[in-house]
1. Do you know which of the residues in segment A:39-77 that are hydroxyl-bearing (S, T, Y) and part of a helix (DSSP H, G or I) is farthest from A:M161 (Cα to Cα)?
2. Any residue in segment A:136-162 that is on the phi > 0 side of the Ramachandran plot and within 14 Å of chain B (Cβ to nearest Cβ) sitting within a Cβ distance under 7 Å of a residue that is in a helix (DSSP H, G or I) and of a type outside the set (D, E)? List the pairs, counting only those 6 or more apart or interchain.
3. In segment B:178-202, which residue that is of a type in the set (S, T, N, Q) and touching a helix residue (DSSP H, G or I) at 6+ places or on another chain (Cβ under 6 Å) is surrounded by the fewest Cβ atoms within 10 Å (Cβ to Cβ)?
4. Could we say that B:V75 is free of Cβ contacts under 8 Å to residues at least 60 places away in the same chain, facing another protein chain (nearest Cβ under 8 Å), within 30 Å of B:H130 (Cβ to Cβ) and buried (at least 16 other Cβ atoms within 10 Å of the Cβ) here?
5. Condition test on A:A118, is it within 14 Å of chain B (Cβ to nearest Cβ) and part of a helix (DSSP H, G or I)?
6. Sort through A:Y193, A:Y132 and tell me the only one that's among the aromatic types (F, W, Y), within 14 Å of another protein chain (Cβ to nearest Cβ) and crowded, with 17+ Cβ neighbours inside 10 Å.
7. Within segment B:46-68, can you find the residues that are among the aromatic types (F, W, Y) and within 14 Å of chain A (Cβ to nearest Cβ)?
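Laboratory data are not the source of any read-out in this text; all were calculated from the coordinates shown. For clarity, every value in this text was computed on a predicted model and none was experimentally measured. Reconstructed Cβ throughout: ideal geometry from the backbone, glycine too, with neighbour counts over all protein chains shown.
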Amino acid sequence: MIESALPLLLKAALITIEASALGAVFGSVFGVLMGLASCNRLKVPGISQLIAAYVTIIRGTPMFIQLLFVYFALPEIIGVDIAPLPAGVIALSINSAAYLSEIVRGGLNSIPSGQWEACETLGYSTSQALIYIILPQALKTVLPAITNEFSTLIKESSILMVIGVPELVKTSRDIVARELKPIEIYALTALIYLIMTSTVAFFTKKLEQKI
Amino acid sequence: MSFITGKNIQLSYSDSEPPALSDINFEIPEGRVTLFMGKSGSGKTSLLRCIANLVTNYTGDILFHDKAIKSLSKVERAKSIGFVAQHFNLFPHLSVLENCAQPQKLVLKRSKNIAEKKALELLESLGIAHLANKSAHQLSGGQMQRVAIARALCMDAHALLMDEPTSALDPESTAQLREIIKTLLKQGVSIAISTHDMSFAKSIFDRGYFLESGQIVEDSKERIQNYMQS
């Protein structure tokens with residue numbers, strides 16, 4: 001029974017990885033941009049308040065609602081249907097961007113102002129200061145929190161089952177409904193999640209040691 | 001010849017507090033050491049930060065060779081005035097050599113070889129070339145300070161501002177700093193120092209200003225020397 005379920009679960013795991021990875025990439029891009037625009041040193045008046053409002057809304061509402069909104073409400077607003085997987089990726093990105101922006105903002109604010117001042121007196125442009133001095137130091141501080149966010153993202157992607165994305169949990173539930181072997185199938189599903197989150201943790205640890 | 005001059009400098013951090021600097025006029029002549037002395041909170045660090053353009057919301061003029069420091073580009077400022085902060089502000093993720101070479105590469109667009117050669121020359125002249133490959137955070141206070149001085153001079157700065165340079169140093173490092181200052185003066189570097197350490201100030205005194213509550217209360221060399229003697 002495991003032999004027949006495993007290929008299906010692995011195929012579903014690929015969809016979980018795809019959704020989480022895309023959510024992590026888009027979430028990181030927007031999260032970093034929002035973190036930069038709202039940190040103490042680079043705060044853009046007006047924009048930083050908008051970002052704060054966005055973060056409050058996303059962090060203060062269940063991801064379940066965010067997903068339902070993207071899949072059912074957003075198409076009504078924009079007039080274009082969104083397929084389940086892209087809708088899931090959008091919801092994961094929106095959600096992780098809010099959390100990542102707070103992580104990045106906190107990391108940037110933790111760098112002593114003297115580091116910015118040293119860059120200023122040495123003639124660095126703002127982008128040079130960020131790329132060569134501030135971000136490398138901030139990255140070291142925020143890496144554990146980012147790992148945590150990516151692991152959370154992998155686990156939370158299971159919520160995509162409610163809009164019909166054939167990811168890991170949906171597939172395991174379908175198999176259990178057919179085979180009636182919940183202990184084996186759910187244990188195997190949990191093991192696959194554990195391998196995925198442990199892999200993220202392993203590579204982040206390597207990166208942490210490298211920097 | 002006056003290198004850096006300040007005219008009628010006024011600075012307030014908030015409306016509800018008395019001004020941090022009030023009606024300050026000063027000169028930092030070429031090739032000499034100028035001291036800004038006073039108790040904590042007297043305004044000497046604020047003044048040095050205005051000269052380094054780290055504080056810009058002052059009124060009045062600070063001129064470098066008759067050009068307003070505020071009007072210089074970042075690169076021009078870095079090539080004119082070096083700043084050694086009280087806590088040195090080295091880049092902890094870079095080696096000593098990279099701390100000195102990277103600003104030259106990025107700001108002055110020097111090649112890696114030229115930037116590292118210049119950095120090693122300056123580290124050598126300050127007696128710390130053997131630390132070139134160490135991480136900045138592995139150094140003692142005195143070593144960090146010398147790296148910060150080398151880093152500023154790598155940018156070809158003609159003037160060096162040092163904020164409370166002895167506050168993190170033991171007596172031996174303070175003595176070494178005195179020797180470094182004398183060497184730099186011989187090389188024609190103009191130096192401005194803010195300090196509340198009177199024994200250090202006395203040992204390198206040439207000219208200077210006494211500040212109290214954001215105002216210069218004494219600028220006569222004789223009277224400052226008499227005060228130091230007493």
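1. Result: A:S48.
2. Correct list of pairs: empty, since none qualify.
3. B:T195
4. Judged against the criteria, B:V75 is not a match.
5. Here the answer is yes, as A:A118 does meet what is asked.
6. Only one candidate passes the filter, namely A:Y132.
7. Hit for segment B:46-68 is B:F64, nothing else.
Results for (1) among the polar types (S, T, N, Q); (2) in a helix (DSSP H, G or I); (3) within 24 Å of B:H93 (Cα to Cα); (4) in contact with a Leu (Cβ under 9 Å, 6 or more places away or on another chain), shown as yes or no for each residue.
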site	(1), (2), (3), (4)
B:Q143	yes, yes, yes, yes
B:I149	no, yes, yes, yes
B:D156	no, no, yes, yes
B:M162	no, no, yes, yes
B:I180	no, yes, no, yes
B:A192	no, no, no, yes
B:S199	yes, yes, no, no
